[in-house]
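Trainee: I'd like to ask you about the structure that follows.
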Amino acid sequence: MSDTPDRSEQGRVEIIGGNIPKAPAGYETCNVHNGRQTVVATGATVQVNHLVAVPTSGPTLCGLTRFGPDADLPGWSMGGGVSGGTVVQKKCSPCWNRVGP
Ligand SMILES: [Zn+2]
């Protein structure tokens, strides 16, 4: 695997229709579905689960900027996001590898 941040639909495939992965202690999941986060999640098929250290408003562990005009992706869901029978949850490998198994 590369150490490139997962910006959209790359990364390890987790469980189709699974719940959002639980973050390790000291971290929170920060999710983006289908490469973006919209108010209405209808039609979401993939959600990438990044990690951030808490408390912080900083970047993800893989280095993606979340806020402001220079954000790498629009719209993040801190500690929440979408799940359901059609949504594949994907852990961002660079993020999760940094905190271990
Ligand atoms: Zn990440």
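Trainee: Output the peptides 19-31, 45-57 sorted from most to least packed, where packing is the average of other Cβ atoms within 10 Å over each peptide's residues.
Mentor: Top of the packing list down: 45-57, 19-31.
Trainee: Place the peptides 85-97, 58-70 in order of packing, highest mean first, counting for every residue the other Cβ atoms within 10 Å and averaging per peptide.
Mentor: 85-97, 58-70
Trainee: Also: Starting from the Cα-Cα distance between ASP70 and ARG98, subtract it from 0.36 nm times their residue separation and give me the gain in nm to one decimal.
Mentor: Here the segment from ASP70 to ARG98 would lengthen by 7.7 nm.
Values quoted throughout were computed directly from the atomic coordinates according to the rules given, and no laboratory measurement underlies them. Worth saying up front: this structure is predicted, and the values here are computed from it rather than measured. Cβ: placed from backbone, ideal geometry, glycine included. Neighbour counts: every protein chain shown.
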